[in-house]
1. Considering (1) within 37 Å of the chain's Cα centre (by Cα); (2) surrounded by 12 or more Cβ atoms within 10 Å (Cβ to Cβ); (3) among the polar types (S, T, N, Q), say which one A:Thr314 fails and leave the rest.
2. Can you name the number of the only condition in (1) at the interface with chain B (Cβ under 10 Å from one of its Cβ atoms); (2) in contact (Cβ under 8 Å) with a residue 12 or more places away in the chain; (3) of a type in the set (Phe, Trp, Tyr) that A:Tyr595 fails?
3. State yes or no: is A:Leu581 facing another protein chain (nearest Cβ under 9 Å), aliphatic (A, V, I, L, M) and touching a residue at least 24 places away in the same chain (Cβ under 8 Å)?
4. When you scan the stretch B:41-52, how many residues do you find that are more than 7 Å from chain A (Cβ to nearest Cβ) and crowded, with 21+ Cβ neighbours inside 10 Å?
5. Restricting to the stretch A:641-662, give me the number of residues that are more than 8 Å from every other protein chain (Cβ to nearest Cβ) and either at negative phi or of a type in the set (A, V, I, L, M) (or both).
6. Applying the selection to the stretch B:102-128, what residues are part of a helix (DSSP H, G or I), within 12 Å of chain A (Cβ to nearest Cβ) and over 15 Å from the mean Cα position of the chain (by Cα)?
7. In the stretch A:436-450, which residues are touching a residue at least 60 places away in the same chain (Cβ under 8 Å), within 31 Å of the chain's Cα centre (by Cα) and crowded, with 18+ Cβ neighbours inside 10 Å?
8. With aliphatic (A, V, I, L, M) and over 27 Å from A:Gly214 (Cα atoms) as the only criterion, which of A:Ala262, A:Ala268 stands out?
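The values are calculated or read from the model by the stated rules, or taken from the named source; none is laboratory data. Since this is a predicted model, take the numbers as computed values, not measurements. Cβ placement follows ideal geometry from the backbone for every residue including glycine, while neighbour counts extend to all protein chains displayed.
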Amino acid sequence: MRLETQTGNGAPRIGVYVCHCGTNIAGMVDVKALTAYAATLPGVAVAREYKYMCSDPGQALIRSDIAEHRLNRVVVAACSPLLHEHTFRGAVEAAGLNPYYFQMVSIRELDSWVHTDPAEATRKAKDLVRAAVQRVILHKPLETRSVPVNPNVLVVGGGIAGIHAALTMANAGKHVYLVEREPTIGGHMAKFDKTFPTLDCAACILTPKMTAVGTHPNITLWTYSEVEKVEGYVGNYRVTVKRHPRYIIEDLCVGCQECIEACVYKEARVPDEFNLGLGKRKPIYLPFPQAVPLLVVIDPETCIEFKSGKCKKTCVEACGERGAIDFTQRERTEEIEVGAIILATGFKTFDARRIPYYGYGVYKNVYTALEVERLINAAGPTGGEVVLRDGRKPERVGIIHCVGSRDEHYNIYCSRVCCMFSIKLAHLIRERTGAEVYNFYIDIRTPGKGFEEFYRRVLEEGVHFIRGKVAQVSDWATSPEEEGKLIIQVEDTLAGMIRRIPVDMVVLSGALEPQADAEAVRRLFNISCSTEGWFLERHPKLAPVSTFTDGIFLAGACQGPKDIPDSVAQAGAAAAEALALVDAGRIALEPNTAYVVADDCSGCKTCIPLCPYRAIAFNGQTAKAEITEALCKGCGVCVAACPSGAIRQHLFEDAEIFAEIAGVLAAQA
Amino acid sequence: MDGPHKEQPAHGPAGTGWEPTIVAFFCTWCTYTAADLAGTSRLKYPPHARVIRVMCSGRVDPQFVVEAFARGADGVLIGGCHPGDCHYQEGNYKTLRRVALLRRVLGEMGIEDGRLRLEWISASEGEKVARVITEMVETLRALGPLALPARRAAWDAEVAPGTVEAVPAAAAGGER
């Protein structure tokens, strides 16, 4: 039998627990004085302090007090409720008390950590504890509702993180929808030649996983598609996906590429996206030979049939009886229902044009690192030859690190992978061309497994490392040996001198940045972003893949710069969290929903248009408002608006908030 | 309120006089989370604000604000998600409209504009929580104590004894 049935209506017997949090709280707040003060508050039966309330003995203390002192209310003054409310509600419930006979006070995040005067911090803590004690007296026992969870999962983004998350969940028997906006999955990793520090061939490890996604019976792969709308809530999301027309009937195309061969464009003339414009493609094309799904795409911007309607349509002829080409295709939308969503939307590379003095877009021999990656790749535009735009092999190459990172004008953060991919490119360029390679760095950061060893190896290969931020790249020769070269001006901070280093090729190792549309995506999925625009995890240490929106998880670089192993590890973690959610079958929802006290409702309908979830309806027969609990998410907007006070909110009752206001201000009265 | 806390002095080191008190209503998703971030980042700001957590700034009933002033708050701060970012889609827009109306009512009551502040503070803006509270404390210091309970007593005293009871009755009659 639950205790509240014996004591719930009786006099309040409150237990107040003050946490030291080691010295995090006790170092600033006088916890002894606070506890002594709490003991004097009306209704408080017992007040205690303890070093770590969230620990097992701390929780046991609460449980034993509930039994021993017949407590019917509990207040814990510790860290943020966003961190440990759940923990303490669990402890209260374990002792047989309704978990909502509990109130948590933050005297750490909101007090000890932000204030410097112990007397003031203690006074504030007393005000906050008093408010909680006054409030908790009014708490009512509440029941959590639970709703069934749809077992299907949506993964947004088909880079290595999305691929790994999708495969993990599909292998666990869940149906996965993988939505990717490009015509193929693979993401940035598909563009790499080798991966650091092991020099694995990127395609050799990625393409089998891509194929597995394409053929997995539990994966519905929608490329060239974007999520348009997300409705519903954890366990029950309704997602609308927009599918762009490929002008190819997917079920009929076998990827033979005869249409590409037959295109009236004899030569490929259109800059090719996959090779960052270093190569050319035709209007009908395959993004790259290992694309998954292996389906061609028609680009209506350059296809003659779309531009003039007068093409000979040799591609259709070549496709013959298969008839896979369909110029009449339109955009379609699909609606799916899923229980959880994993966002793996990745990153974009820094636009080096933003730093004009590095000359990208001005001097043709200034490249970005990703462009050089394509040059090195055997499947790239030059067949793996590292050559300049005029076909010459570079004899001297300068690689500039931290382009757009660790710079307050662009991005203040370290992009985390740029040291390593710069060192890798230095090795590969030297291997392919025998060129002298100079790396210009601010700091070398190689904290991963095998990273430092790789750095040493490249050092021993004779790659030069010059510590100093490059000031300028120019073609202004001041001596005969600089003629026709690009000159890198840099302060060598180890040698203590300004240097001018002439090179044939400059490689800019750009920052990783949030996707250009990260803001729109964030709104679509109702999650938060960090200051830089990366998607924000629920907790930086303890919930690195969850978001503040239940049922939405993060994988890979959309959360911040990451290398491949970290992206894969995080994708696995996100998949595990999503699996734990959908596998449970049901999920408990917070009971802080609004309800109508019918007797007080005047039927004015003020509340009805305010509800963002259409949870309130007007009952014509009773002439009163009614709230559908399953639809209510507990914002309380209607509660604040109801002129007759007929709408209330569990856990945020007017009386409870008034008691809190009175409590924090009692010292002023 | 009765009890031992009554002897507790108002803010400020003993003897140095008055310091403002702020009641802050923060939505749990953006501004409360930002206040947590200010904490974990160990940002420093003055200890004058008392935070009351609500699920959405849209839950802040204008009565809460009036109640806070009536009980001795010198300022009220409402913190919600940026427009377009509300966890409940548009609760913050409701707050915006309500605060606009409430300001007019408060003005009628002689409560200066600077005493009620509405701020959009996202979960990543811990720095903004610290800044807004610091600024607000400065504003309130300049405005001085609101002391609404004392002011009300003074207003009551202005009306001659004996007529105090008659006035509300007449006003009530006038309304109907």
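1. All conditions are met except number (1).
2. Among (1) at the interface with chain B (Cβ under 10 Å from one of its Cβ atoms); (2) in contact (Cβ under 8 Å) with a residue 12 or more places away in the chain; (3) of a type in the set (Phe, Trp, Tyr), A:Tyr595 violates only (1).
3. no
4. Summing the residues that are more than 7 Å from chain A (Cβ to nearest Cβ) and crowded, with 21+ Cβ neighbours inside 10 Å in the stretch B:41-52 gives 3.
5. Total meeting the criteria: 12.
6. Once the filter is applied, which keeps residues that are part of a helix (DSSP H, G or I), within 12 Å of chain A (Cβ to nearest Cβ) and over 15 Å from the mean Cα position of the chain (by Cα), the stretch B:102-128 yields B:Gly126, B:Glu127, B:Lys128.
7. none
8. None of the other options fit; the residue is A:Ala268.
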